[in-house]
Amino acid sequence: MRAHNGRVWQGHRVSVVFPKNNEEKEIAAAVSDFGGIEAVDEVLVVDNNSGENTAAQAEAAGAGVVREARQGYGHALCRGLGEAQGE
């Protein structure tokens, strides 16, 4: 096994994708936590028809936001992975 010195991300773009629906209270903390990690280049939240403020809270915390109209975790996850800039 090849040693990687804990920095396997160097030379790669790393994206964190959150498929979310109605998680206004939790999303800002999650975005801030992952956005503060050195290896993470992008935090992307997929708003899956939230009826409240999830998208606004995510944007305010620094995440990119895309919307997926087709309801369901799988649709939201696929949309996020398709939109993410990471490798």
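Can you confirm whether ARG2 is out of contact with any Phe, Trp or Tyr (no Cβ under 8 Å at 6 or more places or on another chain), closer than 18 Å to GLY82 by Cα, surrounded by fewer than 17 Cβ atoms within 10 Å (Cβ to Cβ) and modelled with pLDDT under 95? So ARG2 does not fit the description; no. Scanning the stretch 22-60 for residues that are among the aromatic types (Phe, Trp, Tyr) and either touching a Ser or Thr at 6+ places or on another chain (Cβ under 7 Å) or loosely packed, with under 15 Cβ neighbours inside 10 Å (or both) gives no hits. Within the stretch 38-53, residues that are under 17 Å from TYR73 (Cα atoms) have Cβ atoms under 7 Å from residues that are acidic (Asp, Glu) and assigned to a loop (DSSP other than H, G, I, E, B) in these pairs: VAL46/GLU68; ASN48/GLU68, counting only partners at least 6 apart in sequence or on another chain. State all residues of the stretch 70-87 that are modelled with pLDDT of 95 or more, assigned to a loop (DSSP other than H, G, I, E, B) and surrounded by 15 or more Cβ atoms within 10 Å (Cβ to Cβ); if no residue qualifies, say none. Within the stretch 70-87, just ALA84 meets the criteria.
The values are calculated or read from the model by the stated rules, or taken from the named source; none is laboratory data. This structure is a prediction, so every number in the text was calculated from the model and none was measured. Backbone-built Cβ (ideal geometry, glycine too); neighbour counts: all protein chains shown.
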